[in-house]
Every structure is written in structure tokens, then in C-alpha cells.
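As C-alpha cells, the structure follows; a few thoughts come after it.
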Amino acid sequence: MKTFNLAILLTVLALGSFGQKLPLPADKNATRETVTLFRSLYDLKNQGVMYGHQDDLMYGYTWWYELGRSDTKDITGDYPAVAGFELGHIELGSERSLDSVSFAQIAEQIKTHYNRGGVITISWHLNNPLTMQSKDNRSSWQQGTAWDVSSKEVVSSILPGGKNHDLFNTWLERLSTFFLGLKDEKGTPIPFIFRPYHEHSGSFFWWGTTICTDQEYSALWRYTVTFLRDKKNIHNILYAYNTDRVTSLEQYLKGYPGDDVIDMLSIDMYDRGEPFGKELDNALNFVTREAIDRNKLTALSETGERKGMPDWWTSVLLPVISKYPVGYVLTWRDTFNSKYSVSGNPFRSFQDDFKDFYGSPRTLFLKEIQKENVYKRK
Ligand code: BMA
């Protein structure tokens with residue numbers, strides 16, 4: 001009821017505000033805190049870019065789940081504004097994620113970061129519902145995982161009428177159960193950004209651009225949102241559409257499921273070499289412009305350094321992201337105890353440069369976000 005009144009109030013305000021459309025979440029019944037988060041993020045992107053880090057609160061290169069610890073905090077004295085979490089294997093009913101992280105501990109840290117006033121984003125490298133059932137010799141590490149692109153029938157097999165539709169519903173049920181458990185002490189649902197089926201423009205996940213049709217991809221998204229929002233009545237989610245590197249808006253929007261189910265237009269781009277700066281500049285230019293035109297949020301939701309570059313944060317990343325209203329930039333996980341860095345995350349080396357990035361007036365970390373009170377401000 002409260003949400004309903006708020007929606008009416010905001011609509012009235014929207015109509016009255018000199019013809020300008022007030023940006024609101026796609027979910028018309030989004031909770032009060034979710035609406036406030038959306039509006040806060042919408043405004044904050046003009047103040048600076050928030051820094052995010054995947055699994056920052058769960059582990060680092062040298063430690064595993066030490067309460068309160070964070071690689072970002074170890075280096076800068078502050079937490080990231082955005083904390084990323086990963087739910088791969090929640091669909092299987094497992095206790096731990098594909099990265100061996102406990103789901104119960106993820107829920108704990110989501111709550112902790114919310115109580116601190118930080119922003120939460122969730123990714124989902126869900127298994128391949130079709131090929132994981134095959135009893136073939138398990139020949140490659142990809143077999144049955146999110147990275148298994150051996151069949152182009154996967155998405156159609158889970159949509160209504162497909163032979164794996166019931167299985168997929170079970171997976172969405174399990175996902176919903178986890179989401180419904182994300183509440184604060186008062187029972188208020190904790191708002192978060194959900195970025196499933198990511199990097200669609202690439203072809204390395206079973207939902208990738210050459211592995212399913214654009215119509216199937218869009219239908220997968222719409223089915224998922226309808227399930228969570230309308231069937232399970234979950235109204236604390238902001239949905240992030242996401243691609244890997246793209247060179248045109250047309251390519252970016254291939255398979256876009258629609259403004260009525262999407263809240264954020266995001267892009268992932270890792271630095272694989274010298275042209276990166278220009279490519280990122282080009283992509284952020286059209287993605288952020290399109291987001292503003294559609295009253296949506298934006299992010300560079302995954303990125304990572306060029307290997308061996310000592311001043312990547314301040315000389316490559318910062319100049320480009322400073323040109324555009326990018327909501328946040330997130331670097332990927334610091335794989336625990338791993339000899340190599342999976343994503344080229346610069347944490348292990350060149351920390352002084354990261355400190356300079358932290359010190360830049362253009363970047364926002366947790367302490368700056370706390371002042372903004374993103375879930376409650378007027
Ligand atoms: C990928 C890699 C994988 C990991 C997955 C989900 O990009 O980091 O090792 O399992 O993300 O976190």
C-alpha cells in the first residue's frame with residue numbers, strides 16, 4: 001500500500017515537473033528503498049563514478065572470509081561503494097557458489113554492506129540446463145557450465161514449451177528463495193542490482209549472441225523478470241542489461257528486452273591492449289547517452305587492467321570514465337590463492353596508482369556514498 005501511494009506521488013511529481021520525466025525503476029511496485037536507490041544512483045552518476053569490486057567482502061588474494069576485511073580497504077582504508085556478489089550454483093540448491101563461497105555468508109555480507117549504506121550488485125553464472133544433463137564423458141572444464149556453448153538449443157529449451165522449462169522454473173524458485181531472504185533487521189527487503197545473462201554480445205556463455213536468437217534472449221529476460229517480480233512478488237530488484245565489448249549502439253541493443261523490464265544499461269570491457277582507451281570511450285559515449293535518453297542507470301560493470309601497466313587506473317581508466325556519467329566501475333574478483341589473476345585485476349601490483357585513483361575527486365568509495373544515504377534520502 002505504501003509503495004502504491006509512493007508510486008502515485010512520484011507519478012504526480014513527474015507530471016508536474018516541467019514536462020520532464022522523473023526517472024523511476026521499471027518495476028511499478030518497486031519498494032520505497034528501491035525507488036530511492038534508483039533515484040540516488042541516477043543523480044550520483046553526475047557527481048562521480050562509484051568504485052565497485054567483485055567478492056570484495058568474501059575473500060582476497062591472501063585471505064578467505066575474514067569478517068570486516070576487504071582488499072580495497074587494506075589498500076585505501078575504505079570499502080568500495082559497490083560490492084559485487086556471485087550466485088552461480090544457487091540454481092542447483094548448493095550451499096556454496098561455483099567459486100566455493102557460502103551463500104549464507106553472501107547473504108550476511110549483503111546485509112552488512114546495505115547497513116553500511118553501500119550498493120549491492122549480483123551476477124549469476126548459472127549452469128547450462130541442457131548440457132549439464134548429458135552423461136557424456138566430461139571432456140572439458142566447460143561441460144555443463146555457464147561457459148558451455150556446445151548447443152544452440154539451450155535458451156529455447158528452457159522457455160515456455162521447452163523440454164527444460166520445468167527445470168528452469170525450479171532454478172528460478174531457488175533463486176527467488178535466496179532473494180526473498182535478503183532483508184534487514186526490520187524485515188525490509190534489501191534493494192540490489194541484478195545482472196543475469198551478462199555479456200550477451202559475446203559468444204562465451206550459453207545465452208551469448210550467436211548461441212541463441214535475439215528473440216530468445218529477450219524472452220529469457222522477460223520470463224525471468226516476470227517470474228521474480230509478478231509471480232514471486234519481489235520488488236527490491238534493479239535489473240541491469242549488459243553486453244561485452246561492442247562498437248555500435250545497434251550491436252549493443254541486439255536482444256534488448258525492453259525498457260519496462262530494465263533499469264540499467266551496462267557494459268563490460270577488459271583492457272586487452274592499446275586500443276582499449278578509444279574503444280571504451282566510443283562505447284561509453286553511446287551507452288551513457290542512450291541510458292539518459294531512456295531514463296536508465298549506467299555502469300562499466302566489469303573491467304580490468306592491461307597486464308603490466310603501472311598507472312592503468314589513473315592514466316587509462318580514469319580519463320575515459322570521467323568524460324561520461326558512468327554510475328559505477330567494477331573490477332572483478334581477487335581470486336584467493338591463485339597464482340594468476342583471472343581477469344587482470346590490478347590489486348596485486350601497482351597499488352600506489354590505485355591509491356591515486358581512490359584519491360581522485362572523480363571517484364566515490366563507501367565513505368562518500370554513506371553521506372548520500374542512498375536508500376533513504378529525500
Ligand atoms: C569469472 C571467473 C571465474 C568465476 C566466475 C564467477 O569471470 O572469475 O573464475 O567462477 O567469474 O565468479
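Where a number appears in this text, it was derived from the coordinates with a stated rule and is not lab data. Keep in mind that what you see is a predicted model, and the values were worked out from it rather than measured. For neighbour counting, all protein chains shown are included, and Cβ atoms are generated from backbone atoms with ideal geometry for every residue, glycine included.
Normalised Debye scattering of segment 223-274 at q = 0.17 Å⁻¹ gives log10 I(q)/I(0) of -0.62, counting only Cα atoms as equal scatterers and leaving out solvent. According to the calculation over all Cα-Cα pairs in segment 39-188, the P(r) per 5 Å bin from zero is 2, 8, 15, 17, 16, 14, 12, 9, 5, 2, 0 %. Counting Lys and Arg as +1 and Asp and Glu as -1, each charge on the Cβ, what is the dipole of segment 134-222 about the Cα centre in debye, to the nearest 20? That gives segment 134-222 a dipole magnitude of about 120 debye.
Among the listed pairs K73/K378; K183/K378; K45/K73; K232/K367; K183/K376; K111/K376, those whose Cα-Cα separation exceeds 27 Å are K73/K378; K232/K367. Selection among F350, S338, I369 by position relative to the dipole of segment 335-378 gives I369 as farthest towards the positive end (Cβ unit charges, Cα centre). Within segment 250-378, the proportion of Cα pairs with more than 24 Å between them is 35 percent.
Restricting segment 257-347 to chymotrypsin sites (Phe, Trp or Tyr not before Pro) that sit in a DSSP loop and have at most 10 other Cβ atoms within 10 Å of their own Cβ leaves Y340. Over segment 22-112, the pair-distance histogram of Cα-Cα distances with 5 Å bins from zero comes to 3, 12, 18, 17, 17, 16, 12, 4, 1, 0 percent, rounded to whole numbers.
Counting only aspartates and glutamates at least 8 places from K355 when in the same chain, those with an alpha carbon closer than 14 Å to its own are D71, D74, D78, D311. When the alpha carbon gyration tensor of segment 193-299 is reduced to an equivalent ellipsoid, the three semi-axes, largest first, read 24, 16, 11 Å. Across all C-alpha atoms in segment 103-219, the radius of gyration and Dmax reach 16.5, 50 Å. Expressed per residue, the C-alpha convex hull volume of segment 59-118 stands at 83 Å³. Of the three principal axes defined by the Cα atoms of segment 210-253, the extents in descending order read 37, 20, 13 Å.
Counting every other Cβ atom within 10 Å of each residue's Cβ, W141, W206, W147 order from fewest to most as W141, W147, W206.
By the Stokes-Einstein formula, at 1.567 mPa s and 4 °C, segment 98-171 with its Kirkwood radius over alpha-carbon pairs has D equal to 88 µm²/s. For the chain, taking Cα atoms only, Rg and Dmax work out to 19.8, 64 Å respectively. The calculated 222 nm mean residue ellipticity attributable to helices in the chain amounts to -9500 deg cm²/dmol, summing -39500 (n - 2.57) over DSSP H runs of n ≥ 4 and dividing by all residues.
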